[in-house]
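Report on the structure given below.
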Amino acid sequence: MVELTRPTILNLGAGNRIVTGAVNHDISAHRPEINVVHDLDVVPWPWPDDTFEHIEAWAVLEHLKLTLVEVLNECWRILRPDGSLRVKLPFWNADQSWADPTHRWQFSLRVFDQFDPDTMRGKEYSFYTPRKWRITHPAEMTCASSFYCVLTPRKGEGTS
């Protein structure tokens, strides 16, 4: 496990989007600001449970081999109970979603509904994972090609 001092924000799959004051993670140390190098397809991720207040995942989840269920389970594990996961993803029918040969997944605006038991799909598909989320900022388009969503882990609400 990676030992950190006073971590609050994890910038997951930073790429060239460096967040000042955050733990900037990427699969390679292609920039000096990258603090942690780790392949996210290898679980568990190198952080202890309940480490971060916030996780930023900007244009990274679509590149992983892991399913969204597996990724959210790891994010849930390393987030503090009052934390948040801020995600930006390419929209499934946008050209850039399909044009990038490293994209493994395409996403719709309702993709996170299955993880929130307050939604219709969350009630219907509650068996996907015991680790539930609350959608605190519903998915909305940020431009013609991507969307943004904020989730908080439902820890201490009968989830594991």
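Every number in this text was worked out from the coordinates using simple rules, so none of it is lab data. It should be emphasised that the depicted structure is a prediction, and the values quoted were computed from it without experimental measurement. Every residue, glycine as well, gets a Cβ built from its backbone with ideal geometry; the counts of neighbours run over all protein chains shown.
Which label marks the calculated value of Rg and Dmax of the Cα atoms in Å, given the options [x] 16.0, 51; [y] 15.1, 45; [z] 14.5, 44?
[y]
Taking a cut-off of 16 Å between Cα atoms, list the aspartates and glutamates near K132, but don't count ones fewer than 8 places away on the same chain.
Here the aspartates and glutamates satisfying the reach criterion relative to K132 are D49, D50, E70, E74, D82, D113, D116, D118, E124, E157.
Amide H of L79: which non-local residues (sequence gap of 5 or more, or other chain) have their own amide H closer than 5 Å, using H built in the peptide plane?
HN-HN under 5 Å from L79: D50, T51, F52.
Out of the stretch 113-160, which GluC sites (Glu not before Pro) are coil in DSSP terms and have no more than 10 other C-beta atoms within 10 Å?
Counting only loop positions with at most 10 other Cβ atoms within 10 Å, the GluC sites (Glu not before Pro) in the stretch 113-160 are E157.
Run down the lysines and flag those whose C-alpha is under 20 Å from the C-alpha of K65, throwing out any fewer than 8 positions away in its chain.
In chain and number order, the partners are K88.
Okay, helix-only estimate at 222 nm for the chain: each DSSP H run of n ≥ 4 adds -39500 (n - 2.57), divide by all residues, round to 500 deg cm²/dmol; what do you get?
Value at 222 nm, helices only, nearest 500: -3500 deg cm²/dmol.
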